[in-house]
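K.L.:
Got a structure for you, written out below as structure tokens; questions coming shortly.
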């Protein structure tokens, strides 16, 4: 398993798989097969995939620990950047076809409509994370501070789920499904943090007991 | 702070290593399988195949109706594969899939309430009630997309005059067909069924209000509200109730489905109005199916000359 995870080719494979949703959209666009409302089809698909990749990214840490596969970390940055790329596409569709690049229209929308406000917040929160995703930036910020900054993905994921929930008219099954996934991934972190906090003083008191 | 005592564990309580390792393996398999299922479902949706339209019958003796627009008509394919018909699912592609076996014959529409002659109409009777006209209307959904469709039918007033509303009749209540057995997707709709709608009597009697039995020269496909529905081109699409089974003339304003669901978002009137936004999105523009960019939405969907007088003196911001 370890050899598989650390192989260069696995990374290539994950990259290709992550690009597949985008490639399929392009393929369908060329075949004029995006349905009666192509803009909406692309907008919904890129929105869905943004959220899915946020969830994949958030799943890395719990999976590493639960499955004892620390090498999964190799894919986290890529998955996070895919989430950001799909959000960029999602936002560009909104900017162009929806708002005809009218800045005042966009400002009105962000100001007046909570569902746009939370969606836009998620997008804004992810910009610094994408920019500081390199090794150089981890070094410049220092591990602790970098980690603190990158915790804003939790807020972004919650915003993304609320954005989806507020967008649908009455059938909330899908947004609730994603909300549940995000909740599980965040609650696991809370549990992990609480158990660490509890075991920290215990360890200090009994330093010689092997674990 | 709580200080917990360690429970009294003996060596026998230790999980055997094989079970422990199996649990890991199990978790790993579960994790990978669900991740794959999750991703493949999304990819399958992206590669979505299209579905065939249900059988239709050609309508004969159709004459050209009034109020026709000469704008480019939306393709039949689009109008039959982009539907909001929550009884058959909430995805726009669902009705084309799930309405295929919807039984629309035999069909009767019952007229009740404040009328001199309450009665039931069979579909045959409705089709012969008045000359069938082709009406090419703009149709604008509350979700800010629009289509241009050559509907077939006649003014609702032709039917109303036949049953003679009494002076007490001030409103008309409409009800859609509902059968959970034929419409298993409805339970996910999030709204109550049967779907109900309503109009003020003078709105219903307006010549633009169409009792619709067909489109594109044929009877209505199941997913577009077969076999008979209303078409109210100056109102948001959800007012144009599908698969009608009951029409009731009454004194009181009837409840309407989307208004019951979210009264702050969907009003009783729901006239197309670019100056009154939906709380969650703008109504100033709309996307005509097939277009990339949006266009400006017109007051009363461009039918202001015909219907504006119905609302003189009314505050349309309050009566949205």
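K.L.:
Using only atoms on other chains, find how many Cβ atoms lie within 10 Å of each Cβ of peptide A:164-171 and report the average.
P.N.:
Rounded to a whole number, the mean comes out at 5.
K.L.:
Angle, helix A:173-205 long axis vs. longest principal axis of chain A, Cα atoms, 0 to 90°, nearest 10?
P.N.:
Taking Cα atoms only, the helix is inclined about 20 degrees.
K.L.:
Between the range A:137-163 and the range A:1-55, how many Å separate their Cα centres?
P.N.:
Going from one Cα centre to the other spans 23 Å.
K.L.:
With 10 angstrom as the radius, rank A:184, A:106 by how many other C-beta atoms surround their C-beta, starting from the fewest.
P.N.:
A:184, A:106
K.L.:
Ranked by Cβ crowding within 10 angstrom, fewest neighbours first, how are A:199, B:282 ordered?
P.N.:
By the 10 Å Cβ count, ascending, the order reads A:199, B:282.
K.L.:
Could you work out Rg/(2.2 N^0.38 Å) for the range B:87-163, with Rg from alpha carbons only?
P.N.:
Ratio of Rg to 2.2 N^0.38 Å for the range B:87-163: 1.40.
K.L.:
Here's something else I'd like to know. So between residue A:23 and residue A:176, what do we pick up on full extension, going 0.36 nm a residue minus the alpha carbon distance?
P.N.:
Roughly 52.3 nm would be gained on extension.
K.L.:
I would also like to ask the following. If you count, for every residue in A:35-43, the Cβ atoms of partner chains within 10 Å of its Cβ, what is the mean?
P.N.:
Mean shielding by partner chains, rounded to a whole number: 6.
K.L.:
Sticking with this structure for a sec: Okay, helix-only estimate at 222 nm for chain A: each DSSP H run of n ≥ 4 adds -39500 (n - 2.57), divide by all residues, round to 500 deg cm²/dmol; what do you get?
P.N.:
-26500 deg cm²/dmol
K.L.:
Same structure again: With a ≥ b ≥ c the root eigenvalues of the C-alpha gyration tensor of the range B:59-194, is it rounded (a/c under 1.5), prolate (a/b larger than b/c) or oblate?
P.N.:
Oblate, because a/c is 1.5 or more while a/b does not exceed b/c.
K.L.:
Cα extents of the range B:126-178 along the three principal axes, largest first, in whole Å?
P.N.:
Answer, in whole Å and largest first: 38, 26, 24 Å.
K.L.:
Additional query: What is the fewest-to-most order of A:8, A:112, B:92 by other Cβ atoms lying within 10 Å of their Cβ?
P.N.:
In increasing order of surrounding Cβ atoms, one gets A:8, A:112, B:92.
K.L.:
Counting alpha carbon pairs within less than 8 Å and at least 6 residues apart, what relative contact order, in whole percent, applies to the range A:41-87?
P.N.:
Across the range A:41-87, relative contact order equals 53 percent.
K.L.:
From the convex hull of the Cα coordinates of the range A:30-141, what is the mean projected area in square nanometres?
P.N.:
In nm², the orientation-averaged hull projection of the range A:30-141 is 9.9.
K.L.:
Determine the principal axes of the Cα atoms in the protein assembly as shown, then give the extent along each, sorted from largest to smallest and rounded to whole angstroms.
P.N.:
95, 53, 45
K.L.:
Hey, another quick one. If contacts are Cα pairs under 8 angstrom and at least 6 residues apart, what is the relative contact order of chain A in percent?
P.N.:
In percent, rounded to a whole number, it is 19.
K.L.:
Please list, in order, the residues from the range A:141-177 whose amide nitrogen is less than 20 Å from a point placed 7 Å along the Cα→Cβ vector of residue A:197.
P.N.:
Answer for this model: A:144-145, A:147-155.
K.L.:
Semi-axes, largest first, in whole Å: what does sqrt of 5 times each Cα gyration tensor eigenvalue give for the range A:115-165?
P.N.:
Result for the range A:115-165: semi-axes of 25, 10, 6 Å.
K.L.:
Bins of 10 Å, beginning at zero and ending with the bin holding the largest distance: percent of Cα pairs per bin for the range B:63-311, please.
P.N.:
Over the range B:63-311, the share of Cα pairs per 10 Å bin runs 7, 32, 40, 19, 2, 0 percent.
K.L.:
Still on this model: Grab the beta carbon distance between residue B:157 and residue A:32, set R0 = 51 Å, and tell me the FRET efficiency rounded to 0.05.
P.N.:
Efficiency computed from Cβ-Cβ geometry: 0.75.
K.L.:
What's the long-distance tail for the range A:2-189, i.e. % of Cα pairs beyond 31 Å?
P.N.:
20 percent
Every read-out reported here was derived from the displayed coordinates using simple, explicitly stated rules and does not represent laboratory data. Predicted, not measured: the structure shown is a model, and the values here were computed from it. A quick note on method: Cβ atoms are made from the backbone with ideal geometry, for glycine too, and the neighbour counts reach across all protein chains shown.
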